[in-house]
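Here the structure is laid out as C-alpha cells; the discussion comes afterwards.
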Amino acid sequence: MFPSYDIIVVGAGHAGCEAAAAAANMGSKVLLVTMNMQTIAQMSCNPAMGGIAKGQIVREIDALGGYSGIITDQSMIQFRMLNRSKGPAMWSPRTQNDRMLFAAKWREALEKTPNVDFYQDMVKGLLVKDGRCYGVVTGLGHEIKAKAVVLTNGTFLNGVIHIGDKQFGGGRVAEKAATGITEQLVSLGFESDRLKTGTPPRIDGRSLDYSKMEEQLGDEEIVGFSYLDVEKIKPAQQRSCWITYTSDAVHEMLRTGFDRSPMFQGRIQGTGPRYCPSIEDKINRFAERERHQLFVEPEGWDTVEIYVNGFSTSLPEDVQMKALRLVPGFENCRMFRPGYAIEYDFFPPTQLQFSLETKQVQNLFFAGQINGTTGYEEAACQGLMAGINAHLKAKEEAPFVLKRSEAYIGVLIDDLINKGTEEPYRMFTSRAEFRTLLRQDNADLRLTERSYKMGLASEERMQKVQQKKDGVTQIKNILKELSIEPEEISALLTEKSSAPLTQKQKAHQILLRPGLDIFAMKDQVPKIGQALAGFNKETLEQAEIQIKYDVYIEKENELVKKMSQLEDLVIPENFDYAKLVSLSNEARQKFNKIRPHTLGQASRISGVNPSDVQILMVYMGR
Ligand SMILES: Cc1cc2nc3c(=O)[nH]c(=O)nc-3n(C[C@H](O)[C@H](O)[C@H](O)COP(=O)(O)OP(=O)(O)OC[C@H]3O[C@@H](n4cnc5c(N)ncnc54)[C@H](O)[C@@H]3O)c2cc1C
C-alpha cells in the first residue's frame with residue numbers, strides 16, 4: 001500500500017510541518033503521518049507567533065526557507081514590533097493570528113509542496129534493526145519504510161490532561177494521547193521523563209465589556225516575518241487586543257480551588273514552564289503581588305472566541321469561571337472551554353547529536369516538544385533543522401549545524417544538547433551571548449546563502465538577499481563620501497536638539513549622532529534624499545543599523561573569533577576520559593554521556609567547570 005519513502009515525519013504540529021516541508025523542498029520524498037489531518041499545524045495554546053527572542057527565530061526559519069514566517073504573515077490579525085524603544089538587537093516581531101486560518105494556510109502550503117504525501121494514522125512504533133531506524137509501524141498495522149524518520153509528537157506521548165480533580169488521557173483536549181513510542185524507545189535504551197504545560201480558558205467575546213479594559217492597538221507599520229513579499233493585512237484592518245487585571249478578590253476566589261488543584265495536590269508529575277506559569281502558580285509564588293496582567297486576545301477574524309493570556313490554569317472549571325467573573329470586563333463572561341494542564345513524556349535532549357539525530361539509533365531524528373522545549377517557534381525551528389538533516393542523512397551528506405554565533409536556532413540546539421533541560425525550555429534573548437549579531441533584521445544576511453547553497457532557500461530569496469547586501473554596501477559608501485554643509489542640515493539638527501555643524505562633515509559621521517536617523521536625513525536634507533533615492537526602507541534601515549552599531553558588532557565579532565579557537569580544538573571521538581584522574585566526577589560523567597566534539601562544546605556542558613576544560617586542554621597539548 002505504501003511506497004518506500006526517503007523521510008517519514010511523525011506528527012503534523014509546528015515541528016512536523018517544517019520538517020516535512022524542508023526535506024521535501026530539498027528533494028526528498030516525504031510521508032507526513034499524523035493522527036488527525038484536521039489538526040495540521042494546530043496552535044495548541046495562544047494564537048500568536050513571535051515575541052521576544054521567538055520573533056528572531058521565526059525570521060531565521062524564514063531566512064532558511066521554512067514556511068512559518070510566510071504563514072504567520074498570511075494569517076495575522078495584529079502586528080507589533082516589541083522593544084522598539086531599545087536597540088535593534090532587542091526588536092522582536094510579534095503577531096496575533098487567526099488560529100483557523102494559520103492551520104488552513106499550513107495545510108494548503110504543504111499540499112502544494114511537491115514530494116509531500118499525507119497519511120492519517122497513529123504511529124505506534126519504529127522499525128529498528130542493528131541500531132538503525134528504517135520506518136514506522138502504525139496503529140492500523142502498516143509497516144512503512146523510509147531512509148530516515150523524524151519524530152515530532154509534541155505533547156501527545158502518554159499525555160494526561162488535568163482539570164481540577166478530573167484527569168484523563170489526551171494529547172490536547174479532545175484529542176487522543178499517543179502510546180507505544182515511549183515504551184519502545186525506553187526498551188532501546190532511551191531515557192524519558194515527564195513535563196507539563198497548561199492553557200487558559202477560552203471565553204465568548206460577546207459576553208465581555210471592553211470599556212473596562214485598556215485597548216492594545218497594532219503597530220502603524222506592519223513589518224511581518226517573511227523576507228519575501230507576502231501580502232499582508234493593512235494596518236487599519238488590524239484587530240485590537242485588550243488588557244485587564246486580576247485583583248485580590250480574584251486571587252482569593254482562585255485559592256478556594258487549591259484543595260482540588262492537580263498542581264497543589266501533587267497529581268501532576270512533570271515540571272512546568274517556570275517562565276509561563278499558571279495563574280495559581282503565580283498567586284502562590286508571588287503572593288505579594290496585588291494583581292497580574294491579563295491580555296485579552298481575539299482568536300481570529302470570524303470568531304468571537306477569546307484567549308485569556310496570563311490565566312493559564314488547571315483549577316476546577318467552576319473556580320475558573322467564578323474567578324474570571326471578578327475580573328474587570330469579565331463580570332458576565334461565558335466560557336467556551338476551560339483551561340487545563342497537560343503532562344507528557346519527553347526525551348532529555350542530551351541524547352541527540354547536533355543534527356537532532358539520536359545517538360542511540362541512527363537515522364532517527366527528534367524535533368519539537370518531544371525534546372523538552374515549549375513554544376511553536378522553538379518547535380518549528382527544530383523541525384526545520386531535523387527535516388534538513390534527515391534529508392542530508394538519507395543522501396549520506398554531512399549534517400547542517402548552526403553555531404551559537406550564527407543563529408538563535410544554533411543557541412537553542414546547542415543548549416539542548418549540552419545542558420539538557422529539566423523544565424520546558426523556551427528561548428530568551430539572554431540565552432544568546434551574541435545578541436548584537438543575532439538580530440531579527442539580519443537573519444536573511446546571516447542564513448539565506450547557506451540554505452541556498454544546500455538547495456533549500458529559493459533563487460528568489462537569494463536574489464533578494466543579494467540585492468539587500470549590495471544596497472547596504474552602496475548606502476554605506478555613499479554616506480561615507482557625501483559631505484554635508486552646516487546650513488544644509490542645520491534645521492534638522494535643531495529639531496533633533498543636536499549640536500550644529502561648525503564645518504562640513506560626512507553624512508556617515510553625522511548619522512552616528514544619537515537621535516539622528518537615516519530617514520529624517522533623507523527626507524530633510526535634499527542632497528542626501530537624492531543620493532539615497534531608489535533604496536527601499538528595509539535596506540536603508542539595515543545600513544543604518546550597521547553604521548550605528550558598528551562598534552558593538554565588531555566587538556562581538558572579535559569575541560566570536562576568540563571563542564572559535566576553542567571550537568576548532570577537536571576532541572578525538574573515542575577519547576578516554578577515565579585517563580584524566582583530576583577531572584571532577586561530574587565532568588567525567590557528562591563528557592562520557594555527551595561526548596563533546598570540541599573543547600568549545602565541552603566548556604558549555606552544564607556542570608563542567610573552567611578547571612575541567614583546562615585539564616582537557618593541557619592533556620591535549622595546549
Ligand atoms: C495545553 C497546552 C498549552 C501550551 N501552552 C503553551 C504556552 O503557554 N506557551 C508556549 O510557548 N507553548 C505552549 N504550548 C506548547 C506548544 O503548543 C508546543 O510547544 C508546540 O505546539 C509544539 O509543537 P510540536 O510540533 O512539537 O508538537 P504539537 O504541536 O503538539 O504537534 C504534535 C503533532 O503530532 C501528532 N502526533 C503525536 N503523536 C503521534 C503519533 N504517534 N502518530 C501520529 N501523529 C502523532 C499530533 O496529532 C500533532 O499533530 C502548549 C501546548 C499545550 C498542549
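The values are calculated or read from the model by the stated rules, or taken from the named source; none is laboratory data. Remember, it's a predicted structure, so these values are computed and weren't measured experimentally. In this analysis, Cβ positions are derived from the backbone assuming ideal geometry, glycine residues included, and neighbour counts consider all displayed protein chains.
Six or more apart or on different chains, Cβ atoms under 7 Å: show the pairs whose first residue is in the stretch 325-354 and closer than 30 Å to THR182 by Cα and β-branched (Val, Ile, Thr) and whose second is within 12 Å of the ligand (Cβ to nearest atom) and part of a loop (DSSP other than H, G, I, E, B).
Correct list of pairs: ILE342/THR155; ILE342/GLY159.
Please specify each residue of the stretch 194-222 satisfying the condition of being surrounded by fewer than 16 Cβ atoms within 10 Å (Cβ to Cβ), of a type in the set (D, E, K, R), in contact (Cβ under 8 Å) with a residue 60 or more places away in the chain and part of a strand (DSSP E or B).
ARG194, ASP204
Give me the strands (runs of 3 or more DSSP E) completely within the stretch 315-391, filtered to those with at least 1 residues that are under 23 Å from ASP281 (Cβ atoms), ordered by residue number.
Values: elements: 335-337, 340-346, 364-366.
Those strands (runs of 3 or more DSSP E) span 335-337, 340-346.
Report, by residue number, each residue of the stretch 353-375 that is out of contact with any Cys (no Cβ under 8 Å at 6 or more places or on another chain) and within 14 Å of the ligand (Cβ to nearest atom). Steps first, please.
Filtering the stretch 353-375 down to residues out of contact with any Cys (no Cβ under 8 Å at 6 or more places or on another chain) leaves 353-360, 365-373, 375.
If the condition is that a residue be out of contact with any Cys (no Cβ under 8 Å at 6 or more places or on another chain) and within 14 Å of the ligand (Cβ to nearest atom), then LEU356, PHE365, PHE366, ALA367, GLY368, GLN369, ILE370, ASN371, GLY372, THR373, GLY375 are the ones that fit.
Could you pull out every one of the strands (runs of 3 or more DSSP E) wholly within the stretch 76-178 that has 3 or more residues that are away from the ligand (no atom under 16 Å from the Cβ), in contact with a strand residue (DSSP E or B) (Cβ under 9 Å, 6 or more places away or on another chain) and on the phi < 0 side of the Ramachandran plot? Step through it out loud before you land on a result.
Details: elements: 76-82, 92-97, 116-120, 123-129, 132-138, 143-151, 160-163, 166-169.
Hits in the stretch 76-178: 76-82, 143-151.
How many of the residues making up the stretch 94-137 are touching a Phe, Trp or Tyr at 6+ places or on another chain (Cβ under 8 Å), surrounded by fewer than 21 Cβ atoms within 10 Å (Cβ to Cβ) and not charged (D, E, K, R)?
Final tally of qualifying residues: 5.
Would you mention how many residues in the stretch 376-388 are more than 19 Å from GLY50 (Cβ to Cβ) and away from the ligand (no atom under 11 Å from the Cβ)? Talk me through it step by step, then tell me what you get.
At the first step, the residues of the stretch 376-388 found to be more than 19 Å from GLY50 (Cβ to Cβ) are 386-388.
Applying the additional criterion that residues be away from the ligand (no atom under 11 Å from the Cβ) yields 387-388.
Qualifying residue count for the region: 2.
Name every residue in the stretch 155-180 that is farther than 12 Å from GLY339 by Cα, crowded, with 17+ Cβ neighbours inside 10 Å and charged (D, E, K, R), in order of residue number.
Residue satisfying the conditions is GLU175 alone.
Can you pull out every residue in the stretch 1-52 that is in contact with a helix residue (DSSP H, G or I) (Cβ under 6 Å, 6 or more places away or on another chain), of a type in the set (Gly, Ala, Ser) and within 22 Å of ARG450 (Cβ to Cβ)?
ALA15, ALA19, ALA22, ALA23, SER28
State the number of residues belonging to the stretch 76-103 that are modelled with pLDDT under 95, of a type in the set (Lys, Arg) and in contact with an Asp or Glu (Cβ under 9 Å, 6 or more places away or on another chain).
Qualifying residue count, the stretch 76-103: 1.
Given the residues ARG431, ARG435, ARG404, which is the only one that is among the charged types (D, E, K, R), more than 14 Å from the ligand (Cβ to nearest atom), in contact (Cβ under 8 Å) with a residue 12 or more places away in the chain and surrounded by 22 or more Cβ atoms within 10 Å (Cβ to Cβ)?
On the way: ARG431 fails: surrounded by 22 or more Cβ atoms within 10 Å (Cβ to Cβ); ARG435 fails: surrounded by 22 or more Cβ atoms within 10 Å (Cβ to Cβ).
Going through ARG431, ARG435, ARG404 in turn, just one is among the charged types (D, E, K, R), more than 14 Å from the ligand (Cβ to nearest atom), in contact (Cβ under 8 Å) with a residue 12 or more places away in the chain and surrounded by 22 or more Cβ atoms within 10 Å (Cβ to Cβ): ARG404.
Could you check ASP259 against (1) exposed (fewer than 14 other Cβ atoms within 10 Å of the Cβ); (2) closer than 30 Å to ALA63 by Cα and say which number it fails?
(2)
Taking into account only those residues within the stretch 45-75 that are in a loop (DSSP other than H, G, I, E, B) and either modelled with pLDDT of 95 or more or buried (at least 24 other Cβ atoms within 10 Å of the Cβ) (or both), which is nearest to the ligand (Cβ to nearest atom)?
Taking the stretch 45-75 and keeping what is in a loop (DSSP other than H, G, I, E, B), we get 45-47, 51-53, 64-67.
Then keep just the ones that are either modelled with pLDDT of 95 or more or buried (at least 24 other Cβ atoms within 10 Å of the Cβ) (or both); that gives 47, 51-53, 64-67.
Values: PRO47: 11, GLY51: 9, ILE52: 12, ALA53: 11, LEU64: 17, GLY65: 18, GLY66: 13, TYR67: 13 Å.
Step by step, filter the stretch 45-75, then rank; the result is GLY51.
Give the residues of the stretch 453-472 that are surrounded by 16 or more Cβ atoms within 10 Å (Cβ to Cβ), without any contact (Cβ under 8 Å) to a residue 40 or more places away in the chain and over 30 Å from GLN505 (Cβ atoms), sorted by residue number. Break it down stepwise before answering.
Step one: list which residues in the stretch 453-472 are surrounded by 16 or more Cβ atoms within 10 Å (Cβ to Cβ), which gives 454, 456-457, 461-462, 464-465, 468-469, 471-472.
Checking the rest, the ones that are also without any contact (Cβ under 8 Å) to a residue 40 or more places away in the chain come to 462, 469.
Scanning the stretch 453-472 gives a single hit, MET462.
Restricting to the stretch 1-28, and then to whatever is assigned to a helix (DSSP H, G or I) and away from the ligand (no atom under 16 Å from the Cβ), can you tell me which residue is nearest to GLY139 (Cα to Cα)? Talk me through it step by step, then tell me what you get.
Initial filter on the stretch 1-28 (assigned to a helix (DSSP H, G or I)): 14-25.
Now restrict to residues that are away from the ligand (no atom under 16 Å from the Cβ): 24-25.
Working: ALA24: 25, ASN25: 28 Å.
Checked the stretch 1-28; the qualifying residue nearest to GLY139 (Cα to Cα) is ALA24.
Right, GLU191: within 14 Å of the ligand (Cβ to nearest atom) and not aliphatic (A, V, I, L, M) or not?
Numbers: within 14 Å of the ligand (Cβ to nearest atom): no; not aliphatic (A, V, I, L, M): yes.
Against the criterion (within 14 Å of the ligand (Cβ to nearest atom) and not aliphatic (A, V, I, L, M)), GLU191 does not qualify.
Looking at the stretch 430-457 only, could you name the residues that are assigned to a loop (DSSP other than H, G, I, E, B) and closer than 19 Å to ALA53 by Cβ? Show your work before the answer.
Step one: filter the stretch 430-457 for residues assigned to a loop (DSSP other than H, G, I, E, B), giving 432-439, 455-457.
ALA432, GLU433, PHE434, ARG435, THR436, LEU437, LEU438, ARG439 - these are the residues of the stretch 430-457 that are assigned to a loop (DSSP other than H, G, I, E, B) and closer than 19 Å to ALA53 by Cβ.
Residues checked against (1) β-branched (Val, Ile, Thr); (2) free of Cβ contacts under 8 Å to residues at least 12 places away in the same chain; (3) surrounded by fewer than 20 Cβ atoms within 10 Å (Cβ to Cβ):
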site: GLY224; (1), (2), (3): no, no, no
site: LEU228; (1), (2), (3): no, no, yes
site: LYS232; (1), (2), (3): no, no, yes
site: GLN238; (1), (2), (3): no, no, no
site: ILE268; (1), (2), (3): yes, no, no
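Suppose the filter is over 26 Å from GLU299 (Cα atoms) and acidic (Asp, Glu); does ASP209 pass it?
When the stated conditions are applied, ASP209 does not pass them.
Filter the stretch 597-614 down to the residues that are closer than 20 Å to GLU433 by Cα and part of a loop (DSSP other than H, G, I, E, B), then identify the one that is modelled with the highest pLDDT. Please lay out each step first, then the result.
Initial filter on the stretch 597-614 (closer than 20 Å to GLU433 by Cα): 598-610, 613.
Of the ones still in play, those that are also part of a loop (DSSP other than H, G, I, E, B) are 605-609.
Working: ILE605: 91, SER606: 84, GLY607: 81, VAL608: 87, ASN609: 85.
My answer is ILE605.
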